[in-house]
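What follows is a single structure, written as structure tokens, with notes after it.
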Amino acid sequence: MTAAQSASGPPTGTSEPSPTPAQWLALSVLILAQLAVWLDNTILNVALKTLADPEEGLGATPSELQWSISSYTLVFAVLLFTGGVLADRYGQRRILLIGVGVFGVCSAWAAWSDSPTELIVARGAMGIGSAMIMPATLSLISQVFGAAHRAKAIAIWSGCSGLAIAAGPLISGALLEHFWWGSVFLVNVPLVLLVVAGALVYLPAASARDRRRFDPLGVLLSTLGVFAVVYGIIEGGHRNAWLEWNVLGFIVGGLALLCVFAFVELRTANPSFDIRLFRNRQFSGASVAIMLTFFGLTGSQYYATFYLQGPRAQTPFEAGMTLAPVALGVLVGAPLAAALVKRWGAQRVVTACMLTAAATFFGYVFFDASTPLPWFWLLLVVQGIGLGGCVAPTTEIIIAALPADRTGVGSAVNNSLRQIGGVLGVAVLGTVLVSVYRDQITPDLAQLPPAAAEPAENSAEGARFVAEQLNLPGLVESANRSFLEAMHVTTVIGAAMAAIGAVIIWFTLSGHRAPDPKEPVRTEEDGVDAAV
């Protein structure tokens, strides 16, 4: 059997043997590669408060904390298409190994960063490695497994991403209990070594299949445009001056670059981001709706860690344990939604799940420093059920809405929009959090000297540090009160965005028909480009 036949499954009318142990081991390698990528999306959240500490961390400001998260997800999002093209052009295993190597080296760099700026740059470099890893993993699954078992393998691969949701905060909290903040990045190093060893033994060294031309102009315009918009939003909140040229100018300039990007991509034969896909109503509706949901999710994760370690005075490990129930909800929600879609249809189920997620984002309005933790755990479980019920059906809708030869590109567009939604969630909601906090606490800082008032005004962590140095217990109470007020305002915005996503889903999926299970399974020979 040729390599192409092996990748696409046996000829029609023949039965495919069960996967061999070597195939399952290959899948394990790809799952480990994916876990490293998604783990880094969540592992830093619990460490944010430590990074803000001038003594135990780097004394990072709120804008630097936002960028320490956003630099990774931003680079990851805008380079996913480039990673897919490189994997097609130079071979999936080769690009996977290069990506894993970049990710591992830059993880060690991030661990020993001496300043917030260096950490931000190292995190961005880690995003380059992640953008090379993710497209290659899905393509390699399609090569390792034939058509009869590919769907099951992809489902296992996708489901394991939920482990990172729980593992990231837990691992981060456990390490911060005993080691310095940089240890949260060193956990990537053994994963990288295992992936490299396993890839060399179990993954096929497939030759390049696609010689599509690279789109450097599209990559450059999209990267600069998204970066400028996010930079302007974060700096506007930090400076509390939205009309300054270096704030408004970046936002307007970034939007202008994105308009040029759209114009260029519509006229490019091999676009890095195929905007033509949005002509399909179901594809565009599902993609935008899930982006808005990730906007609310990532923003809520950002302020939840400060809520737990600030007003709730939890240790990093305790905060990780408190955040873990959301993973349980995801594991329950994904299969439950799949079963309900068969009975009630995707329109009703996905809309209900997104409204459920929106309601849980809004639920933070009722939390204060003394709210019993079981209520918080219950909210996280329900939130996870709503999120798990959103992601799997919308992904299936997106793939089903496209012709067979566009599914790979469509998958990449959808994945990037999720990441961009997360970047904007941290940028916008983090900026609102800082702005409202500053407005609330400023009257309480009138009697402080300017050198003490500035860090206290920038963040609740800075206020607690000043209160400890000057023995001002009343300042701690003011910081906690101001933060809770800011969180309550911020969470309403996140909930509203997720609710808008639910409305978009309801109207764009009207008349949507679930795929007929009796229809033949799509394979790579049908034109499925799984490399992205």
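Odds and ends about this structure:
- Selection over the range 337-373 of residues that are polar (S, T, N, Q), within 26 Å of the chain's Cα centre (by Cα) and open to solvent by 20 Å² or more (accessible area, probe 1.4 Å) gives a count of 2.
- Failed criterion for residue 306 (all others in (1) modelled with pLDDT of 80 or more; (2) touching a Gly at 6+ places or on another chain (Cβ under 7 Å) hold): (2)
- Residue within the range 257-264 that is touching a helix residue (DSSP H, G or I) at 6+ places or on another chain (Cβ under 9 Å), open to solvent by less than 10 Å² (accessible area, probe 1.4 Å) and modelled with pLDDT of 80 or more present: no
- Hey, residue 394 in contact with a helix residue (DSSP H, G or I) (Cβ under 7 Å, 6 or more places away or on another chain), more than 26 Å from residue 479 (Cβ to Cβ) and surrounded by fewer than 24 Cβ atoms within 10 Å (Cβ to Cβ) or not: no
- The range 416-437, residues that are open to solvent by 20 Å² or more (accessible area, probe 1.4 Å) and under 9 Å from the mean Cα position of the chain (by Cα): 418, 420
- Residue that is at pLDDT 75 or above and open to solvent by 20 Å² or more (accessible area, probe 1.4 Å), where the choices are 89, 93: 93
- Criterion: part of a helix (DSSP H, G or I), open to solvent by less than 20 Å² (accessible area, probe 1.4 Å) and either at pLDDT below 70 or not charged (D, E, K, R) (or both) - qualifying residue of 201, 189, 195: 195
- Residue ID - nearest to the chain's Cα centre (by Cα), chosen from residues in the range 265-300 that are surrounded by fewer than 23 Cβ atoms within 10 Å (Cβ to Cβ) and among the polar types (S, T, N, Q): 284
- The set of residues in the range 237-256 that are in a helix (DSSP H, G or I) and at pLDDT 75 or above comprises 245, 246, 247, 248, 249, 250, 251, 252, 253, 254, 255, 256.
- Residues considered: 115, 107, 68. Of these, the only one that is crowded, with 24+ Cβ neighbours inside 10 Å, among the hydroxyl-bearing types (Ser, Thr, Tyr) and farther than 29 Å from residue 203 by Cα is 68.
The values are calculated or read from the model by the stated rules, or taken from the named source; none is laboratory data. All values derive from a computational prediction rather than experimental measurement. Counting neighbours? That spans all protein chains shown, and the Cβs are built from the backbone with ideal geometry, glycine included. For the accessible areas, the whole protein counts, side chains as well, though only heavy atoms, and no ligand, DNA or RNA atoms are used. Shrake-Rupley method; radii C 1.70, N 1.55, O 1.52, S 1.80 Å.
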